[in-house]
Structure formats: C-alpha cells, structure tokens
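As structure tokens, the structure follows; a few thoughts come after it.
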Amino acid sequence: MTFLSSSDSSRSAAVPGIRLGCIADDFTGATDLANSLVRNGMRTVQTIGVPQHPLGFEVDAVVVALKSRTIPAADAVAQSLAALDYLRASGAEQIYFKYCSTFDSTREGNIGPVTEALMAAERCDFTIACPAFPENGRTVFKGHLFVGDVLLSDSGMRDHPLTPMRDSNLVRVLQAQTAARVGLIPYDVVARGAQAIRARMQSLEAEGVRIAVVDAICDDDLRKLGPALRQLRLVTAGSGVAIGLAPNFVLQHASEADVLPQRPGLRAIVSGSCSAATNAQVGEFVRRGGAAYALDPLKLAADEHEIEQALTWAAPRLATGPVLIYSTAEPAHVRHIQDRIGASRAGALVEQSLAQIARGLVGLGVTQLVVAGGETSGAVVQALGVTALRIGPQIDPGVPWTAAEGAVPLLLALKSGNFGTPDFFIKCFASMDDHERNPAA
Ligand code: ADP
C-alpha cells in the first residue's frame with residue numbers, strides 16, 4: 001500500500017493522525033528535534049527521507065529527515081514539498097521546518113526558498129524564523145545570532161566548508177534568500193510574553209512582512225513564544241523552539257512519550273567513529289573486560305574474509321553479553337591507514353564493512369545495536385533497511401534509544417562521534433535493562 005497523495009485529502013483508516021509534522025534539512029538535526037519533542041511529551045518518529053508507506057502506529061509528531069541543507073535550492077524545495085505532502089496526508093495540524101541553530105545556509109538558501117515554497121503550498125501568509133537554542137549557546141538578539149559569546153560571523157561557522165556564515169544579521173541573511181519581506185520581533189516584545197508577540201505578529205503582517213525573525217536569549221523566551229505560535233500553520237526554527245511549541249498540543253500520552261516496544265535479544269556495538277569521545281568509550285569498554293574485536297582496515301582491503309572472521313568471533317560471545325566490533329583508532333593510526341590506502345577509500349571500505357557486520361550481527365540474533373559514528377550510522381541504517389526510528393529514552397544528551405522500523409524490528413542507538421560519556425557503551429545497555437524492567441518509568 002502506498003501513501004496517500006496530497007490531492008487525496010481523506011486519510012486511510014490505517015494511518016493514525018499526527019499533530020505536528022516536521023521537515024528537517026539534515027539527519028542529525030532531525031534526531032535533535034525528535035529527541036527534544038519526546039522530552040517535551042510528544043511521541044515522535046523520525047523517518048529517513050520521505051516515507052513510501054504509512055507508519056501504521058500512533059505518534060504525535062513525525063520528523064522527516066532530509067539531506068537538503070546544501071543541495072541546489074530547487075531540489076531542496078522539491079524534497080521539502082514531497083515531505084509536506086506526506087505530513088499533510090498524515091493529518092499534521094502544524095508544520096515545523098527545522099534548520100540548524102547556526103542558520104546554516106548557502107548564498108542561495110536553502111532556508112529562504114524552502115520557507116517560501118512551504119508558505120505557498122500551505123497558503124500561509126505569515127511565519128517566523130528563530131534558530132535560537134539557548135541550551136547550546138545559540139541566542140538571537142536584535143536579529144543577530146550569537147554562538148556562545150561571539151557573533152555568528154566571528155564563530156567557527158565563518159569558515160565552514162559548505163555554509164560559511166559571515167553575516168550575523170538574520171533579517172539581512174534571510175532577506176537575501178527570499179522575495180518575501182522579512183521583519184523582526186525584537187527582544188523587548190518577546191520579554192512581554194505571548195500576547196505582545198501575537199500583537200506584533202499582527203502589526204508586522206499588516207505592514208506586509210511575511211517572515212519575522214524572533215529574538216530569544218533563554219529558554220523562558222522560547223516558552224513565551226510557544227503559545228503565540230499556536231495559530232501559525234507553518235513554523236520555521238531550529239530545534240529550540242520545540243520546547244515552547246510542544247505544550248500547545250494536548251497530549252494524552254505525554255508520560256509515555258519515550259516508551260519503546262521491547263526487543264529482547266542479543267546485544268552488540270559497531271564503531272566506525274575515530275573521534276576523541278569514541279576512542280575513550282572503546283578504551284573504557286575494553287578496560288572493563290568487554291568482548292571487543294578490532295577490525296584492521298588494511299586486512300579489510302586485502303582480505304575478503306575479515307568480515308566473516310569478525311562474525312565468527314562474535315557468534316559464541318554474544319550469548320554472554322554485548323560484543324564490540326570496531327575500527328576506531330587514534331588519529332596517528334588513522335593517518336597511517338589513510339596513507340596506505342587513501343582516505344576516502346579507507347572511509348568507504350570501513351563504513352561498508354561495518355554495515356555488513358551489523359547485518360551479520362542482526363542475522364545472529366542481535367536486537368539491540370549501538371552504532372558509533374555519524375557516517376557509519378548512515379551506512380548501517382541503509383544496510384539494515386531501516387525506514388523510520390521511533391525515538392525513545394535519552395541515554396546521553398542528543399543520543400536516544402530508538403526503535404527501528406523496517407525490514408527487521410530492533411532497537412538502535414546511533415551515536416555521533418563526539419557524543420556520550422566514556423562509559424557510554426556500558427551505560428546504554430544498563431539503561432536498556434532499566435527500561436525492560438520498567439518500561440513506563
Ligand atoms: P564521527 O561521527 O566520529 O565523525 P563517522 O562514522 O561519521 O564518525 O566518520 C568516521 C569515518 O572514519 C568513517 O568514514 C569511517 O569509515 C572512517 N574510519 C573508521 N575507522 C577508520 C580507520 N581505522 N582508518 C581510517 N578510516 C577509518
């Protein structure tokens with residue numbers, strides 16, 4: 001069964017209605033937003049691209065993860081509109097276009113063109129733009145974005161390889177990307193609360209402004225902003241705005257938002273991240289006596305049997321606890337490998353090998369799998385045929401357990417390189433034990 005097209009406004013009985021439909025312009029940004037929605041009481045699923053099928057279970061929010069941040073603007077618009085069709089057909093009451101809290105964009109967009117296209121498709125005359133994420137040091141004041149203590153244009157984003165941000169004035173940045181008139185809801189209005197914000201929205205709209213950048217310097221500002229957004233069909237923001245938006249929805253299952261289906265079975269970790277945090281996590285797992293197999297990229301390049309050997313090693317050990325298969329290495333060793341076989345060949349080879357190993361482990365009965373590394377996670381998710389991730393309890397900031405939907409039902413924790421405390425690989429399964437003992441806790 002394929003999903004309903006936007007031209008069919010009726011909804012299939014098999015597709016439960018959702019409250020909030022989100023379109024995220026990259027994968028980890030999608031997880032960030034989904035995690036925040038769950039923590040604010042919304043049962044949330046992150047889909048990988050635009051789903052071809054209905055979800056088949058009930059959630060409050062869907063976050064469609066695109067990879068549209070730096071692609072040509074016309075492609076970003078097309079993908080975002082396809083996501084919108086899906087979310088509309090799923091019954092979304094409100095649409096949330098999520099971008100990075102550093103407002104990452106190219107000269108052409110894609111924040112402006114996508115916002116404009118979504119407004120047109122939704123027949124929406126007015127929306128906001130607010131990347132503020134105070135918890136992570138992203139604040140907006142007088143329309144200027146700060147990263148920690150410095151202006152965006154003085155931060156590391158100045159030299160980003162794909163989206164260098166050299167102007168901190170968001171009104172100006174956004175205005176350069178769109179024909180729609182851009183204005184500002186300044187801090188003194190935000191500080192006065194939802195009613196004042198609403199009044200300013202109305203007066204800006206009457207003046208012909210169609211997108212208002214909103215100042216916000218602390219979580220309290222975002223909580224004041226939330227109720228003022230209730231009537232907007234479309235909200236555009238970083239993930240910070242979610243903390244004010246989620247309470248607008250009366251949620252009957254808020255206390256169970258992070259409850260996942262149980263998937264008892266064998267446990268494993270595959271790690272292709274060479275970041276400092278992951279090196280420490282592998283070290284800690286090994287130091288505490290965990291069963292660990294170090295993959296040698298040179299052997300992978302030369303010997304077709306390395307993957308089989310890793311799986312043969314894992315098979316008898318899985319019964320007694322989580323096993324770790326890793327290519328994680330210190331920078332000097334990574335450089336040595338890259339010198340020998342080339343950086344991009346080494347990267348692709350290791351990613352694909354770990355993805356095959358993940359598939360092999362699932363074939364051996366693994367139902368709880370941790371993957372370390374952003375690119376590595378992408379390769380594993382693809383190899384396992386995962387189409388969506390139901391977001392569960394947070395293990396460490398930014399890393400939740402998730403239930404993977406797709407070919408094989410399993411629990412996945414996808415950890416990007418520098419996330420997690422040194423005992424992450426131990427802690428994640430301890431938290432799963434707690435969750436299994438007391439799923440609604
Ligand atoms: P992170 O989130 O830490 O950046 P990624 O998975 O995104 O981790 O990226 C790590 C990259 O390094 C991947 O392309 C992976 O295949 C590659 N890699 C992993 N181990 C090695 C190694 N020992 N030598 C060379 N490259 C490696």
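The values are calculated or read from the model by the stated rules, or taken from the named source; none is laboratory data. Bear in mind that the values here come from a model prediction, so they are computed numbers and not experimental data. Every residue, glycine among them, receives a Cβ derived from its backbone with ideal geometry; neighbour counts consider all protein chains shown. Heavy atoms of the whole protein, side chains included, go into the accessibility calculation; ligands, DNA and RNA do not. Shrake-Rupley method; radii C 1.70, N 1.55, O 1.52, S 1.80 Å.
Among the residues of segment 389-400, write down those that are in a strand (DSSP E or B) and either surrounded by fewer than 24 Cβ atoms within 10 Å (Cβ to Cβ) or not assigned by TED's automatic domain parsing to the domain that holds THR367 (or both).
PRO393, GLN394, ILE395, ASP396, VAL399
Every residue in segment 242-258 that is among the aliphatic types (A, V, I, L, M) and either free of Cβ contacts under 8 Å to residues at least 60 places away in the same chain or in contact with a helix residue (DSSP H, G or I) (Cβ under 8 Å, 6 or more places away or on another chain) (or both), please.
ALA242, ILE243, LEU245, ALA246, VAL250, ALA257, listed by residue number.
Considering only segment 149-170, how many residues are touching a residue at least 12 places away in the same chain (Cβ under 8 Å), open to solvent by 30 Å² or more (accessible area, probe 1.4 Å) and under 19 Å from ALA73 (Cα atoms)?
The number of residues fulfilling the criteria is 2.
Any residue in segment 411-426 that is on the phi > 0 side of the Ramachandran plot and open to solvent by 10 Å² or more (accessible area, probe 1.4 Å)?
yes
Is there a residue being more than 9 Å from the ligand (Cβ to nearest atom), of a type in the set (Val, Ile, Thr) and closer than 15 Å to GLU351 by Cβ anywhere in segment 274-287?
no
Kindly evaluate VAL173 against the criterion of being of a type outside the set (Phe, Trp, Tyr), surrounded by 23 or more Cβ atoms within 10 Å (Cβ to Cβ), part of a helix (DSSP H, G or I) and modelled with pLDDT of 95 or more.
Taking the combined requirement at face value, the residue satisfies it.
Answer yes or no: is there a residue in segment 366-374 that is within 16 Å of the ligand (Cβ to nearest atom), out of contact with any Ser or Thr (no Cβ under 7 Å at 6 or more places or on another chain) and of a type outside the set (D, E, K, R).
Yes, because at least one residue in segment 366-374 is within 16 Å of the ligand (Cβ to nearest atom), out of contact with any Ser or Thr (no Cβ under 7 Å at 6 or more places or on another chain) and of a type outside the set (D, E, K, R).
May I ask you to list the residues in segment 322-341 that are more than 10 Å from the ligand (Cβ to nearest atom) and closer than 24 Å to ALA383 by Cα?
Hits for segment 322-341 are PRO322, VAL323, LEU324, ILE325.
For ILE325, work out the one condition from (1) more than 21 Å from ASN279 (Cα to Cα); (2) open to solvent by less than 90 Å² (accessible area, probe 1.4 Å); (3) at pLDDT 95 or above it doesn't fulfil.
Just one mismatch for ILE325, condition (1).
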